[in-house]
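Take a look at the structure below.
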Amino acid sequence: MTDKKKIQAPRGVHDILPDEQKYWFWVENNFREAAQAAGFERIIIPTFEATELFKRSVGEFTDIVSKEMYSFKDKSANSLTLRPEGTAGVARAYIEHGMQTMPQPVQLYYWGPMFRYDRPQAGRYREFYQCGLELLGDYDPIVDAMLIQTVAKFHKKLGMQDIVIKINSLGTERAKGKMMTALGKLLERNKKDLCADCKLRLKKNPLRVLDCKTGKCREILDKISPSLIDSLDDESKKRFTKVLEYLDEMRVEYELDPKLVRGLDYYTHTVFEVVARSNEELSLGGGGRYDTLVKQLGGPDTPAFGYAGGVERVIDILKQQALAVPDLIQSDVFIVQLGDRAKPKAIEVVEKLELANLRISSALGRGSIQTQLRLAAKLHTPLTIIIGDQEVHDKNVIIRDMEDRSQETVIDRDMVKITLKKLEEKGLRVPTIYESR
Ligand code: HAM
């Protein structure tokens with residue numbers, strides 16, 4: 001007997017249905033425009049990579065690698081992992097394609113699904129989308145500021161309010177190491193009260209204790225957590241001050257957060273996170289400098305800086321703040337027809353309009369005019385052309401404005417010309433869908 005039990009999507013993954021698409025196109029379009037304006041070019045990296053790549057970059061004792069990876073063996077017994085983030089893949093691609101021989105910096109942007117075995121809850125998924133920027137081959141502090149400015153512009157373009165950029169510096173690799181030792185010593189004294197995970201973290205990488213969410217560990221951290229910025233050496237401080245000065249000059253608002261360390265191991269110097277005031281626990285995005293990563297992965301010594309945003313979380317804020325998001329207009333004209341003689345004429349009309357480079361939709365097989373008009377309204381088509389037996393006889397068509405519902409009868413010869421004029425009056429003669437260009 002076949003099992004008839006309904007199969008549902010696995011926990012923590014979600015369908016993105018047609019009604020949601022306008023948000024997705026809108027965010028992607030605004031992200032792409034902000035990235036391209038700042039000189040970033042698109043890269044598409046694989047959804048899965050060698051497991052080793054993430055162990056060596058994100059860090060073996062981070063939550064992401066130790067608890068959240070979707071790893072599997074393929075049929076040749078290679079250990080592979082669904083990417084939990086994009087930076088490692090981009091760094092790997094930089095090395096693999098010899099991008100250090102290209103003019104530096106190399107600026108890349110990406111958009112795509114990431115996978116983490118996270119605890120599903122609002123804004124936390126097991127498959128989620130990230131939009132990311134990576135800039136490789138430049139150590140100048142202005143680069144940090146420029147990329148953060150691009151991130152700020154992206155949020156501004158979307159009209160988002162009450163967004164804060166939190167920023168900190170972990171300092172050079174050496175300064176970070178010293179800070180880790182100092183933190184380790186302080187935590188050692190409170191070891192017995194740490195959770196089991198943190199006892200292990202303390203041994204392997206004390207910095208990761210700062211990611212812990214359990215009440216007791218947080219209490220200890222609040223008590224002992226040294227103001228990280230104070231432990232920076234002069235070189236690190238000088239560099240960080242420069243980044244902040246550039247941000248001031250660019251009039252990018254930020255908030256210093258000495259406790260910000262980020263949950264991935266590859267960072268040195270500047271780190272930052274974007275949060276909404278309404279929920280500072282759930283970051284909308286984050287990033288920082290990763291000057292040692294490319295070398296660590298076997299490539300040349302290459303300083304780098306990057307960011308990734310969580311698309312679902314950005315969309316949640318757009319909805320929460322009831323921000324204007326344009327409807328998706330997938331076609332310029334919808335053809336409505338009724339009656340046997342109208343069909344061949346409708347086909348002809350479609351051909352003529354397509355020759356004029358217009359995007360046409362229709363429901364030639366559908367029933368009543370009302371049903372067809374409802375479909376046109378659902379698709380947000382600005383104009384419909386209505387053809388019945390009468391219009392075939394009179395050699396004309398009816399053009400209906402879907403916004404104000406006005407109708408005009410137009411002779412066949414003028415149909416294309418008047419349709420174009422009406423669309424132009426609506427400012428819709430250029431591509432109206434937020435699609436990849
Ligand atoms: P991350 O902070 O791990 O950084 O992730 C970036 C963003 O992805 C988060 O701020 C959040 O918006 C979103 N995100 C993370 N996990 C989830 C989840 N389970 N569900 C929904 N959204 C989530 C990175 O991934 C680094 N690669 C960023 C970077 C780029 N650093 C340098 N370059």
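Select from segment 89-108 the residues that are open to solvent by less than 10 Å² (accessible area, probe 1.4 Å) and closer than 11 Å to Gly306 by Cβ and list them in ascending order.
Val90, Ala91 - these are the residues of segment 89-108 that are open to solvent by less than 10 Å² (accessible area, probe 1.4 Å) and closer than 11 Å to Gly306 by Cβ.
Conditions (1) within 14 Å of the ligand (Cβ to nearest atom); (2) touching a His at 6+ places or on another chain (Cβ under 6 Å); (3) within 23 Å of Tyr267 (Cα to Cα), marked per residue:
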site: Met69; (1), (2), (3): yes, no, yes
site: Phe72; (1), (2), (3): no, no, no
site: Leu80; (1), (2), (3): no, no, no
site: Val90; (1), (2), (3): yes, no, yes
site: Met99; (1), (2), (3): no, no, yes
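Just checking, how many residues over segment 315-347 are touching a strand residue (DSSP E or B) at 6+ places or on another chain (Cβ under 8 Å) and open to solvent by less than 50 Å² (accessible area, probe 1.4 Å)?
Residues meeting the conditions: 11.
Please verify whether segment 244-256 includes one or more residues that are within 29 Å of the chain's Cα centre (by Cα) and either within 15 Å of the ligand (Cβ to nearest atom) or part of a strand (DSSP E or B) (or both). Steps first, answer last, please.
Going through segment 244-256, the residues within 29 Å of the chain's Cα centre (by Cα) turn out to be 244-256.
Still in the list and also either within 15 Å of the ligand (Cβ to nearest atom) or part of a strand (DSSP E or B) (or both): 255-256.
Within segment 244-256 (the criterion being within 29 Å of the chain's Cα centre (by Cα) and either within 15 Å of the ligand (Cβ to nearest atom) or part of a strand (DSSP E or B) (or both)), the answer is yes, since at least one residue qualifies.
Can you find a residue that is away from the ligand (no atom under 16 Å from the Cβ) and among the hydrophobic types (A, V, I, L, M, F, W, C) anywhere in segment 286-293? Break it down into steps so the answer makes sense when it comes.
Step one: of segment 286-293, the residues away from the ligand (no atom under 16 Å from the Cβ) are none.
There is no residue in segment 286-293 that is away from the ligand (no atom under 16 Å from the Cβ) and among the hydrophobic types (A, V, I, L, M, F, W, C).
Within segment 162-183, track down each residue that is at positive phi and among the small types (Gly, Ala, Ser).
Start the filter on segment 162-183 by keeping residues that are at positive phi, which leaves 162, 171.
Listed by number, the list holds a single entry, Gly171.
Based on what the data block shows, is Gly86 within 13 Å of the ligand (Cβ to nearest atom), in the same structural domain as Pro300 (by TED's automatic domain parsing) and either in contact with a Gly (Cβ under 8 Å, 6 or more places away or on another chain) or farther than 29 Å from Thr150 by Cβ (or both)? So that I can check it myself, show each step before the final result.
Numbers: within 13 Å of the ligand (Cβ to nearest atom): yes; in the same structural domain as Pro300 (by TED's automatic domain parsing): yes; either in contact with a Gly (Cβ under 8 Å, 6 or more places away or on another chain) or farther than 29 Å from Thr150 by Cβ (or both): yes.
Spelling it out, Gly86 is indeed within 13 Å of the ligand (Cβ to nearest atom), in the same structural domain as Pro300 (by TED's automatic domain parsing) and either in contact with a Gly (Cβ under 8 Å, 6 or more places away or on another chain) or farther than 29 Å from Thr150 by Cβ (or both).
Kindly indicate which of Ser231, Ser278 is open to solvent by 20 Å² or more (accessible area, probe 1.4 Å), within 16 Å of the ligand (Cβ to nearest atom) and small (Gly, Ala, Ser). Full working, then the answer.
Values: Ser231 fails: within 16 Å of the ligand (Cβ to nearest atom).
Just a single option satisfies the conditions, and that option is Ser278.
Of the conditions (1) modelled with pLDDT of 95 or more; (2) in a helix (DSSP H, G or I), Trp111 fails just one. Which one is it?
(2)
Determine if segment 69-83 includes at least one residue that is surrounded by fewer than 17 Cβ atoms within 10 Å (Cβ to Cβ) and part of a helix (DSSP H, G or I).
No, because not a single residue in segment 69-83 is surrounded by fewer than 17 Cβ atoms within 10 Å (Cβ to Cβ) and part of a helix (DSSP H, G or I).
Out of the residues in segment 382-421 that are touching an Asp or Glu at 6+ places or on another chain (Cβ under 7 Å) and under 30 Å from Lys22 (Cα atoms), which is surrounded by the fewest Cβ atoms within 10 Å (Cβ to Cβ)?
Ile398
Might you let me know whether segment 106-125 holds any residue that is over 23 Å from Leu284 (Cα atoms), within 14 Å of the ligand (Cβ to nearest atom) and of a type outside the set (Ser, Thr, Tyr)? Explain how you work it out, then say what you get.
The initial filter retains those residues of segment 106-125 that are over 23 Å from Leu284 (Cα atoms), namely 106.
Checking the rest, the ones that are also within 14 Å of the ligand (Cβ to nearest atom) come to 106.
So of that shortlist, the ones also of a type outside the set (Ser, Thr, Tyr) come out as 106.
Yes, there is a match, as at least one residue in segment 106-125 is over 23 Å from Leu284 (Cα atoms), within 14 Å of the ligand (Cβ to nearest atom) and of a type outside the set (Ser, Thr, Tyr).
The values are calculated or read from the model by the stated rules, or taken from the named source; none is laboratory data. Because the structure is predicted, anything quoted here is derived from the model rather than measured. Heads up, the Cβs are rebuilt from the backbone with ideal geometry, glycines too, and the neighbour counts pull from every protein chain shown. Accessible surface is based on the protein model in full, side chains and every heavy atom, while ligands, DNA and RNA are left aside. Shrake-Rupley method; radii C 1.70, N 1.55, O 1.52, S 1.80 Å.
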